[in-house]
Amino acid sequence: MLEFSTVCFLFLVAVGTFVQTVSGFALGLVIILGATILDIEQITFSAAVISLISLVNSGVALRTSYGNIDRSYFYYLCGALFLGLLIGVILLIYLSDVGYFVLRVLLGFVVIIAGILLLLRPTSKLARSGKLSSFLFGFAGGVFSGLFSTGGSAWAYFLYRQPLNHEIIRATLLAVLAFSCITRTIMVTLTGQMTMNIVFTSLLSLPIVVLITEVTNRNLEHIPSAMVRKLVVGSMSMAGLFLIFG
């Protein structure tokens, strides 16, 4: 028999998957934000499950598109995000023990920043961004991922401003996400934060993710994606303010 908290968490996984399929973002944000505000699970638990779910999703999507990865951006972003991930995971472990309130406030700020980035419509630049810009966005996304498994918005904003076609951008973003999830999971395991409950919840979540994605994809033409996107970003921003000032 599943505990009530586990059932609620799986419901958040279903909602996050629906939003992700319709709008292209927010799986991790919906899960970690909902679980934190409703006090279902600790941030460390939610972030670890999100990493495992996202790793499987990214891996499946890359099966047919890995040949489109822009190696240059992939290496630059991953080199920078590795350092950010390390700092983010260390901060997460430290604040979980001595400053959980600070961690909640940080999550509120990250959610608001992610919402702003996701609402912006980046226009492609005429020339490729340099190493410094790649490092800054890679590092920032790495810190966000280390803390909350939510670095995708920073990398997406950066990549969608590059003069590349969408197939290359999508494949590169998926590869960066996969690298981030693998690296974060290894770091969490080595620091002793990975538990059987995290693995069990992740395994329960995977069929839900597959089912909701399939059903939603078949009915996308009946779903107002722009409205869903704005509603989710607005709700996340309000929830972020609640975490900061509540």
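For the range 203-225, the tally of residues that are of a type in the set (Gly, Ala, Ser) and at pLDDT 95 or above stands at 1.
Checked against (1) surrounded by fewer than 23 Cβ atoms within 10 Å (Cβ to Cβ); (2) at pLDDT 90 or above; (3) in contact with a helix residue (DSSP H, G or I) (Cβ under 6 Å, 6 or more places away or on another chain), residue 94 passes all but a single condition, namely (3).
Of the numbered criteria (1) outside any helix (DSSP H, G or I); (2) touching a Ser or Thr at 6+ places or on another chain (Cβ under 7 Å); (3) buried (at least 24 other Cβ atoms within 10 Å of the Cβ); (4) not basic (Lys, Arg), the one residue 193 fails is (3). Counting only residues that are free of Cβ contacts under 8 Å to residues at least 40 places away in the same chain and either crowded, with 17+ Cβ neighbours inside 10 Å or under 17 Å from the mean Cα position of the chain (by Cα) (or both), the range 126-149 holds 1 of them.
Within the range 236-246, if we keep just the residues that are surrounded by 14 or more Cβ atoms within 10 Å (Cβ to Cβ) and modelled with pLDDT under 90, the residue that is nearest to the chain's Cα centre (by Cα) turns out to be 236. In the range 1-54, which residues are in a loop (DSSP other than H, G, I, E, B) and surrounded by fewer than 23 Cβ atoms within 10 Å (Cβ to Cβ)? Passing the criteria: 1, 2, 3, 24, 25, 38, 39, 40, 42.
In the range 150-168, the qualifying residues are those that are within 15 Å of residue 112 (Cα to Cα) and among the hydroxyl-bearing types (Ser, Thr, Tyr), and the one that is surrounded by the fewest Cβ atoms within 10 Å (Cβ to Cβ) is 157. Scanning the range 126-158 for residues that are polar (S, T, N, Q), outside any helix (DSSP H, G or I) and more than 18 Å from residue 234 (Cα to Cα) yields 129, 149. Of the residues screened, residue 186 is one that is surrounded by fewer than 19 Cβ atoms within 10 Å (Cβ to Cβ) and closer than 24 Å to residue 43 by Cα.
Okay, residues lined up against (1) surrounded by 15 or more Cβ atoms within 10 Å (Cβ to Cβ); (2) hydrophobic (A, V, I, L, M, F, W, C); (3) modelled with pLDDT under 90:
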site: 69; (1), (2), (3): yes, yes, no
site: 72; (1), (2), (3): no, no, no
site: 76; (1), (2), (3): yes, no, no
site: 81; (1), (2), (3): yes, yes, no
site: 117; (1), (2), (3): yes, yes, yes
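Every listed requirement among (1) crowded, with 17+ Cβ neighbours inside 10 Å; (2) part of a loop (DSSP other than H, G, I, E, B) is met by residue 123 save one, (1). Among the candidates 23, 65, 51, the residue that is within 30 Å of residue 246 (Cβ to Cβ), of a type in the set (Ser, Thr, Tyr) and modelled with pLDDT under 90 is uniquely 23.
Might you check whether a residue that is of a type in the set (A, V, I, L, M, F, W, C), part of a helix (DSSP H, G or I) and more than 21 Å from residue 8 (Cα to Cα) occurs anywhere in the range 203-220? Yes, some residue in the range 203-220 is of a type in the set (A, V, I, L, M, F, W, C), part of a helix (DSSP H, G or I) and more than 21 Å from residue 8 (Cα to Cα).
The values are calculated or read from the model by the stated rules, or taken from the named source; none is laboratory data. Nothing here was measured: the structure is a model prediction, and the numbers come from that model. Here the Cβ is made from the backbone with ideal geometry for all residues, glycine too, and neighbour counts use every protein chain on show.
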